[in-house]
Amino acid sequence: MAKHSFKEHVLCAGVSEEEYNNILPLIAEENHRVWKVVSIILEILFVGLFVFALVDPSHQNYVVPFGILAGTMILFVLAFLVLKSPTKALLPIIYVASIIILAVFIYTGTYIERDRPAVVYSGLVIGLALVTLDRPIRIGIIPFLGLCVYIPLTLVYKTSASVVVTDILDASIFTVAGIAISIFVGRIRVRDMVMRRNAEIDRDKDALTEVANKLAYDRRVEEISLKMKESSFKFAIAIFDINGLKITNDTYGHGEGDKLLIRCTKIIEESFPNSEIYRIGGDEFAVILTDTDYVNRERLIRELHERIDSTHEKATSLLDDAPIAFGVAVYNKNKDKDFVTVFSRADAEMYDNKRVTKARNSYLAENK
């Protein structure tokens, strides 16, 4: 990886802004996975803490802070447990939960239990920072602010000079160490994610056209097949065949055949800007339409026809034509039992279009 600026180190864990933004879904998934495990442990802890705060008559000072902490955190933890997938709300929930925990520990460590060692608080800071993956500046702000609150409270509420010095020194050392460790670990994890994502892109990319390859397509089909079980899921598939590739290769050479594929790929990409394009064979491509492109599919298909027709009208030979045949099928949950059924309908429509394309294209007709 290239060298990065101080800003990128602070904001993006030592990778570029673009690289960091590209792995945001991976970061969300990892935080979700880690906090699912943490949430189970915390739920047990906070339920026990809530019961302890209410029933222990010898520590009435615990009732308010620990009762509020435990009751609130039980709700936060339940939020983690019910989340089935990463959401934009995950990180804010994590940070709010972290602030609540730190606030109560600082309160009890400086006011209620004045002899509580600062190492307990500092260890908590390190633990919270390590289980959350985010921008380094955000990782560092919470423990730093916690230290800024902890020091004056220690000076006010702890009467022993030796305890004050020791606790402030310990808290400062452990907080700085916690921030450094969490940022270092975060950098390693982020860089690993970037490298993994780049490796996946290279693995899934077709070398000639630079669209996704058959391996990526097969994996996407598996994902779509699972989502088809959801009643609300909608998609369409478009199947493409580039006419005249063999003729172009035989007549003008494989270099011109490659240019034909690239030219046709660009037209498909322009027509479906928000969908993944897959090269599933030598001259065969597929596009799975979801979300925005699915909603706008009729307009996009109409514009694709216009692009193909416009290119054909201007062409003087196969060297500048784009003889694309395609078919589209929309998933119908009442008729289509699996992905193959939808694909077959799109493929059949593509072959009908292929006959029309060949019939009107004199360059293809001459070389049948």
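The values are calculated or read from the model by the stated rules, or taken from the named source; none is laboratory data. Because the structure is predicted, anything quoted here is derived from the model rather than measured. Neighbour counts are summed over all protein chains in view; Cβ atoms, including those assigned to glycine, are modelled from backbone coordinates with ideal geometry. Each accessible area value is taken on the protein alone, full model and side chains, heavy atoms only, with ligands, DNA and RNA left out. Shrake-Rupley method; radii C 1.70, N 1.55, O 1.52, S 1.80 Å.
For the residues Val10, Val15, Val64, the requirement of being open to solvent by 30 Å² or more (accessible area, probe 1.4 Å) and either on the phi > 0 side of the Ramachandran plot or at pLDDT 75 or above (or both) singles out Val10. So, in the stretch 74-84, exactly how many residues are open to solvent by 60 Å² or more (accessible area, probe 1.4 Å) and either in a helix (DSSP H, G or I) or among the polar types (S, T, N, Q) (or both)? Final tally of qualifying residues: 4. The sole residue among Leu49, Leu42, Leu24 that is closer than 14 Å to Leu90 by Cβ and out of contact with any Asp or Glu (no Cβ under 9 Å at 6 or more places or on another chain) is Leu24. Just one of the numbered conditions (1) open to solvent by 30 Å² or more (accessible area, probe 1.4 Å); (2) touching a helix residue (DSSP H, G or I) at 6+ places or on another chain (Cβ under 9 Å); (3) among the acidic types (Asp, Glu) is not true of Glu298: (2). Residues of the stretch 210-220 that are part of a helix (DSSP H, G or I), surrounded by fewer than 19 Cβ atoms within 10 Å (Cβ to Cβ) and touching a helix residue (DSSP H, G or I) at 6+ places or on another chain (Cβ under 7 Å): Leu215 alone.
Considering (1) more than 22 Å from Thr251 (Cβ to Cβ); (2) modelled with pLDDT under 90; (3) acidic (Asp, Glu), the lone condition that Asp320 does not fulfil carries the number (1).
Sub-7 Å Cβ pairs linking a first residue in the stretch 172-187 that is touching a residue at least 24 places away in the same chain (Cβ under 8 Å) to a second residue that is polar (S, T, N, Q), at least 6 apart or interchain, are Phe174/Ser122; Thr175/Ser122; Gly178/Ser122, ordered by first then second residue.
Looking at the stretch 247-257, can you tell me whether even one residue there is open to solvent by 30 Å² or more (accessible area, probe 1.4 Å), more than 30 Å from Thr357 (Cα to Cα) and not hydrophobic (A, V, I, L, M, F, W, C)? For the stretch 247-257, residues open to solvent by 30 Å² or more (accessible area, probe 1.4 Å), more than 30 Å from Thr357 (Cα to Cα) and not hydrophobic (A, V, I, L, M, F, W, C): absent. Restricting the first member to the stretch 88-116 and to residues that are modelled with pLDDT under 75 and assigned to a loop (DSSP other than H, G, I, E, B), and the second to residues that are hydroxyl-bearing (Ser, Thr, Tyr) and surrounded by fewer than 19 Cβ atoms within 10 Å (Cβ to Cβ), the beta-carbon pairs closer than 8 Å and six or more apart or on different chains are Arg114/Tyr157; Arg114/Thr159. Among the residues of the stretch 258-273, are any within 30 Å of Asp134 (Cα to Cα), within 25 Å of the chain's Cα centre (by Cα), open to solvent by 30 Å² or more (accessible area, probe 1.4 Å) and modelled with pLDDT of 85 or more? Yes: the stretch 258-273 contains one or more residues that are within 30 Å of Asp134 (Cα to Cα), within 25 Å of the chain's Cα centre (by Cα), open to solvent by 30 Å² or more (accessible area, probe 1.4 Å) and modelled with pLDDT of 85 or more.
If you go through the stretch 192-209 and keep only what is part of a helix (DSSP H, G or I) and either farther than 24 Å from Gly281 by Cα or in contact (Cβ under 8 Å) with a residue 60 or more places away in the chain (or both), you end up with Asp192, Met193, Val194, Met195, Arg196, Arg197. The set of residues from the stretch 121-158 being within 25 Å of Leu26 (Cα to Cα), open to solvent by 40 Å² or more (accessible area, probe 1.4 Å) and at pLDDT 85 or above comprises Ile137, Arg138, Ile141.
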